[in-house]
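Working notes for the structure below.
The values are calculated or read from the model by the stated rules, or taken from the named source; none is laboratory data. Values in this document were obtained by computation on a predicted structure and should not be read as measured data. Cβ atoms come from the backbone with ideal geometry, glycine included; neighbour counts cover every protein chain shown. To get the accessible areas, we keep the full protein, side chains included, count just its heavy atoms, and leave off ligands, DNA and RNA. Shrake-Rupley method; radii C 1.70, N 1.55, O 1.52, S 1.80 Å.
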Amino acid sequence: MYYTDSDKRTIDNCRFCFMCRHVCPVGMVTGSEANNARARAELISLVNRGFPYTADMAEVVYECALCGACTTQCCTGFDPLPFTKHARMAALSEGIAPAYINELLDRIEENGSAYPAVDNPELAEELASLPEKADVLLFLGNAAAVCPESAVAAVRLLKKAGVTFAVMKEEPDCGMDLADLMGPAEEARQVLLAAAEKINAVGTKTIVALSPDSAKVFLREYREWGAPLNAEVKTFPAFIVELWKSGALNFKNTGETVTYQDPFRLARELHETEAPRELIRACGNLKEMYRHGEEAISCGEGTIGLYRPDLTAKMAARRMKDAISTGAMTIITACPTSCAALRSAEGLTVKPLEVFLLEHTC
Amino acid sequence: MQLKGFMFDMIQNELEDAVGRENCSTREADKLVHGVDYYWLSRMWADRGMTPPEADIIVCPKNAKEVSSVLKIANYYKMPVTTWGGGGGTQGGALPLAGGIVLDTKRMNEITEFNTDSMYMESGTGAIHTHLEWYANERGYATMHYPSSQNCSTLGGFLAHRGIGVVSTKYGKIDDMCLSMEVVLPNGDIINTSPVPKHAAGPDLNQIFIGSEGTLGVITKAQMRIYVQPELRWFRAFLFKDLTSAFAAGKELLTKIKPSCMRLYDEAETVSLIKKIVGVERKGAFMNLALEGMKDIVAVEQKILFDTFAKYGAEDLGSDYGEKWWKEKITFFYPGHMMDIPQMFGTMDSVATYSNIEKIYWAMKEAVETNFPMAKFIAHFSHWYEWGAMIYDRFIVDNPPQDPHEALRLHNQIWYTGVRAALANGGVVNDHHGVGVKLGKLMKEQYGPAMQVMEGLKRQLDPNGIMNPYKLGL
């Protein structure tokens, strides 16, 4: 009852196929046979054949970072993410989800978000002068809580470019984490509907999503789940590229050698790999990691860091080694949770793209 | 022994002490995923909703020292130990058929040395092979070991069953690429084989453990050759009038030069391949090959190739097929591109001298098609030596029995029949997929009294018989 026909077809094709194990960032750091798409498919296929859906199977299902590397890698085009999300929905419905998931969901229900309340005077000062309504809405998303310096820099960049924009005083949770945790459950859909209503009430023409998590859920889930936004959604790097190319922003190239970590939501789910690179190349010398762009290996960003910080720390440490091997001194990220994850690892200086760009404006 | 209750907890605690609690699992989910590998029978078993073979506990050691501790514990309690790499094997070699411990090697994945002076890299054997290739490529080198399973299998898995890749004719099998190894013996002793593979210091220890499929110990680290990337990799396809002329041409070519890749297809496969290339069905024997290395040398080899093949009436079909095949050489391993359940299938690869190889093809084809009319038989020959070639022959049954016991019986019958036909004509039990549980019983039929050499090693090194029971016929 939880799985669509498409899920079942994917499950039965993935269950005996080991060909994407080499790109699973969780499997890379745990070495566990259970941490790959094949294992999840095998387990769910057995459940579909009468095996009980057990709590430890549900644990395996939540050990996935939903980074989509397996989907990108699949030559045939199978996407293991939908059945993984449906397996999460089934686990919650059957009361076998891990305790840490239930605790996280309780926290989200209580606070309206998985993140602590934002208490950053610098950001508050930057936001104080902004109008309540404008044609452009900067949606801060989890950046405000997870990486406030990127939010501050983003606001300053837009001001520097002369953009008239608003930031919601009571910004709703975008719902990306809930969608990851619950799958397409009705409770998650209601959160998206409520958020869409609040955002639409601003009456903006363009939403600039600072966090790739927000951009992804706005562009992919909202319409699909019956909660359309009445505005065009753009990612922050794409919007800045427009401003730069229109002459509203100018950057000086200092020749600094940096590398760039593609967030999986931006690179794989929204296929946006060039905009950040264009901007970075305008400011410095970009040295790519061996696996980059849509093939980038996740550093543990996204929702998994909220409930399995141990896995995120391991993925970040592994990815940091890739970054170090480029010879760069700084790693640029375009995602608040990537920034936080990589900063948990020893190695290069980790800098949000917005901060890097602001430093290079002229 | 009783592996439940109090005593099980005691043993579990010892294993946790050896490898860390987080690296020991009794989760049902972990047991289930270690109970299905790439073996058709294990897949069929799961497909029919049957309980896969299960270990009692999964341990994931980080290095030889931890493996040593695990094996000492296992020996004390006489618990079976089945070593698991990527589970990409087709012979059931990694299935924990006797329960006990699954020793998953994938945490032993550190690359500890990349030596361009002596052209090798040293790695833990739990490394996924594609990760080794990435590492080498990033530094401008290559492993030149490209089996279809490179994404899913570990270095140790390839060593354990004597794997091979598509450019083997020039660069060799995995056993040709290994310089030295660290091995943990069943009693827990950590040993190193000779520092180099070529010597006169007695028998080659590498070749005792390579291919031993976890029955004689656990290979924990290996030094593997690396290669410079070729300036040019050049493909060419040809159509011969039949297998006989293709073999004669291939054999002569191998006396002069070494292509990296040589793939000859039987008539059944040729008909469909040729249609894709020239648009019409044509009979014959299709061969795709690659020459590679320095451009100037490849140019000389191209002339030798054309001159040699012209003598045997080969029709030149150009380079397009080969270039496309190279780009997509592992695509066929993905779902939707190859055989899968509900079909029953198997690859009964063997290897033999040129005097015998074509005989083996016809004998296996006849044995399978005569005894099992529901089975299709196709073959190609994809690894060539100066003395002979390997046959990659496959049977396919579109509608096998639904009953798992009947399906298992039919599968084994076809295998026994096909492999016995190979053995009767100078072939071997297997070329590069190994033996596992699938072909263990046929080992004695191939080796006869020579099997006592392997049995003697097994008795001496593993007197309690804990290492990978029911595999390799040991």
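So that you can scan it fast, the table gives a plain yes or no per residue for (1) within 12 Å of chain A (Cβ to nearest Cβ); (2) assigned to a loop (DSSP other than H, G, I, E, B); (3) touching a helix residue (DSSP H, G or I) at 6+ places or on another chain (Cβ under 8 Å):
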| position | (1), (2), (3) |
| --- | --- |
| B:LYS31 | yes, no, no |
| B:MET50 | yes, yes, yes |
| B:PRO53 | no, yes, yes |
| B:LYS65 | no, no, no |
| B:SER69 | no, no, yes |
| B:ASN75 | no, no, no |
| B:THR82 | no, no, no |
| B:GLY88 | yes, yes, yes |
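For region B:29-39, enumerate the residues that are open to solvent by less than 10 Å² (accessible area, probe 1.4 Å) and either in contact (Cβ under 8 Å) with a residue 60 or more places away in the chain or touching a Pro at 6+ places or on another chain (Cβ under 8 Å) (or both). Passing the criteria: B:LEU32, B:HIS34, B:GLY35, B:VAL36. Inspect region A:295-308 for any residue being open to solvent by 10 Å² or more (accessible area, probe 1.4 Å), within 14 Å of chain B (Cβ to nearest Cβ), more than 30 Å from B:ALA136 (Cβ to Cβ) and not aromatic (Phe, Trp, Tyr) and give the result as yes or no. Looking through region A:295-308, at least one residue is open to solvent by 10 Å² or more (accessible area, probe 1.4 Å), within 14 Å of chain B (Cβ to nearest Cβ), more than 30 Å from B:ALA136 (Cβ to Cβ) and not aromatic (Phe, Trp, Tyr).
A residue that is charged (D, E, K, R) and at the interface with chain A (Cβ under 10 Å from one of its Cβ atoms) occurs nowhere in region B:4-15.
Scoring B:TYR38 on the criteria (1) touching a helix residue (DSSP H, G or I) at 6+ places or on another chain (Cβ under 8 Å); (2) at the interface with chain A (Cβ under 9 Å from one of its Cβ atoms); (3) not in a helix (DSSP H, G or I) leaves a single failure, condition (1). Does A:GLY31 satisfy the criteria of being within 13 Å of chain B (Cβ to nearest Cβ), surrounded by fewer than 24 Cβ atoms within 10 Å (Cβ to Cβ) and either of a type in the set (A, V, I, L, M) or free of Cβ contacts under 8 Å to residues at least 60 places away in the same chain (or both)? For A:GLY31, the condition - within 13 Å of chain B (Cβ to nearest Cβ), surrounded by fewer than 24 Cβ atoms within 10 Å (Cβ to Cβ) and either of a type in the set (A, V, I, L, M) or free of Cβ contacts under 8 Å to residues at least 60 places away in the same chain (or both) - is met. Criterion first (part of a loop (DSSP other than H, G, I, E, B), more than 30 Å from B:LYS251 (Cβ to Cβ) and touching an Asp or Glu at 6+ places or on another chain (Cβ under 6 Å)) does B:GLY99 satisfy it? Spelling it out, B:GLY99 is indeed part of a loop (DSSP other than H, G, I, E, B), more than 30 Å from B:LYS251 (Cβ to Cβ) and touching an Asp or Glu at 6+ places or on another chain (Cβ under 6 Å). Within region A:88-103, identify whether any single residue is open to solvent by less than 10 Å² (accessible area, probe 1.4 Å), more than 30 Å from A:HIS271 (Cα to Cα) and among the hydrophobic types (A, V, I, L, M, F, W, C), and answer yes or no. Within region A:88-103, one or more residues are open to solvent by less than 10 Å² (accessible area, probe 1.4 Å), more than 30 Å from A:HIS271 (Cα to Cα) and among the hydrophobic types (A, V, I, L, M, F, W, C). Looking at B:GLY49, B:GLY100, B:GLY124, B:GLY85, just one residue is touching a residue at least 60 places away in the same chain (Cβ under 8 Å) and either within 30 Å of B:GLU406 (Cβ to Cβ) or open to solvent by 20 Å² or more (accessible area, probe 1.4 Å) (or both), and that residue is B:GLY100.
Residue count for region B:274-292 under the criterion of being open to solvent by 20 Å² or more (accessible area, probe 1.4 Å) and out of contact with any Asp or Glu (no Cβ under 7 Å at 6 or more places or on another chain): the result is 7. Taking the criterion of being open to solvent by 40 Å² or more (accessible area, probe 1.4 Å) and of a type in the set (Val, Ile, Thr), the only residue of region A:221-256 that qualifies is A:THR254. Just so you know, in region A:184-195 the residues that are open to solvent by less than 70 Å² (accessible area, probe 1.4 Å) and over 19 Å from the mean Cα position of the chain (by Cα) include one that is modelled with the lowest pLDDT, and it is A:ALA185. Filtering region A:52-68 to residues that are hydrophobic (A, V, I, L, M, F, W, C), open to solvent by 10 Å² or more (accessible area, probe 1.4 Å) and either part of a helix (DSSP H, G or I) or assigned by TED's automatic domain parsing to the domain that holds A:LYS216 (or both) leaves only A:ALA55. If you go through region B:47-91 and keep only what is touching an Asp or Glu at 6+ places or on another chain (Cβ under 6 Å) and among the hydrophobic types (A, V, I, L, M, F, W, C), you end up with B:ILE58, B:CYS60, B:ALA64, B:ILE73, B:TRP84. Considering region B:299-356, the residues that are of a type in the set (A, V, I, L, M, F, W, C) and assigned to a strand (DSSP E or B) include one that is nearest to B:ASN430 (Cα to Cα), namely B:VAL351.
If we scan region B:137-144, do we find a residue that is farther than 18 Å from B:GLY35 by Cα, touching a His at 6+ places or on another chain (Cβ under 9 Å) and surrounded by 22 or more Cβ atoms within 10 Å (Cβ to Cβ)?
If we filter region B:137-144 for residues that are farther than 18 Å from B:GLY35 by Cα, which is where we start, we get B:137-144.
Narrowing further to those that are touching a His at 6+ places or on another chain (Cβ under 9 Å): B:143.
With surrounded by 22 or more Cβ atoms within 10 Å (Cβ to Cβ) added as a condition, the list becomes B:143.
Yes: one or more hits.
Being open to solvent by less than 20 Å² (accessible area, probe 1.4 Å) and touching a Phe, Trp or Tyr at 6+ places or on another chain (Cβ under 7 Å) is the filter here, so list the residues in region B:244-259 that pass it. Of everything in region B:244-259, those that are open to solvent by less than 20 Å² (accessible area, probe 1.4 Å) and touching a Phe, Trp or Tyr at 6+ places or on another chain (Cβ under 7 Å) turn out to be B:SER245, B:ALA246, B:PHE247, B:ALA249, B:GLY250, B:LEU254.
Taking region B:169-193 as the range and being over 23 Å from B:THR83 (Cα atoms), in contact (Cβ under 8 Å) with a residue 12 or more places away in the chain and open to solvent by 10 Å² or more (accessible area, probe 1.4 Å) as the test, the residues that pass are B:LYS170, B:TYR171. Regarding B:ILE391, is this residue assigned to a strand (DSSP E or B) and either surrounded by fewer than 17 Cβ atoms within 10 Å (Cβ to Cβ) or in the same structural domain as B:GLY163 (by TED's automatic domain parsing) (or both)? When the stated conditions are applied, B:ILE391 does not pass them. Beta carbons closer than 6 Å, at least 6 apart along the sequence or on distinct chains, pair a first residue in region B:319-339 that is farther than 20 Å from A:THR72 by Cα and more than 9 Å from chain A (Cβ to nearest Cβ) with a second that is of a type in the set (A, V, I, L, M) and open to solvent by 40 Å² or more (accessible area, probe 1.4 Å) for B:TYR321/B:ILE277.
Screening the candidates A:ARG9, A:ARG49 for the property of being surrounded by fewer than 24 Cβ atoms within 10 Å (Cβ to Cβ), in a loop (DSSP other than H, G, I, E, B) and of a type in the set (Lys, Arg) yields one hit, A:ARG49. The set of residues from region A:129-144 being modelled with pLDDT of 95 or more and surrounded by fewer than 21 Cβ atoms within 10 Å (Cβ to Cβ) comprises A:LEU130, A:ALA134, A:ASP135, A:VAL136. Of the residues in region A:36-58, at least one is more than 7 Å from chain B (Cβ to nearest Cβ) and closer than 21 Å to B:GLU133 by Cα. In the set B:ARG225, B:ARG236, only one residue is in contact with a Leu (Cβ under 7 Å, 6 or more places away or on another chain), within 30 Å of B:PRO186 (Cβ to Cβ) and crowded, with 17+ Cβ neighbours inside 10 Å; that residue is B:ARG225.
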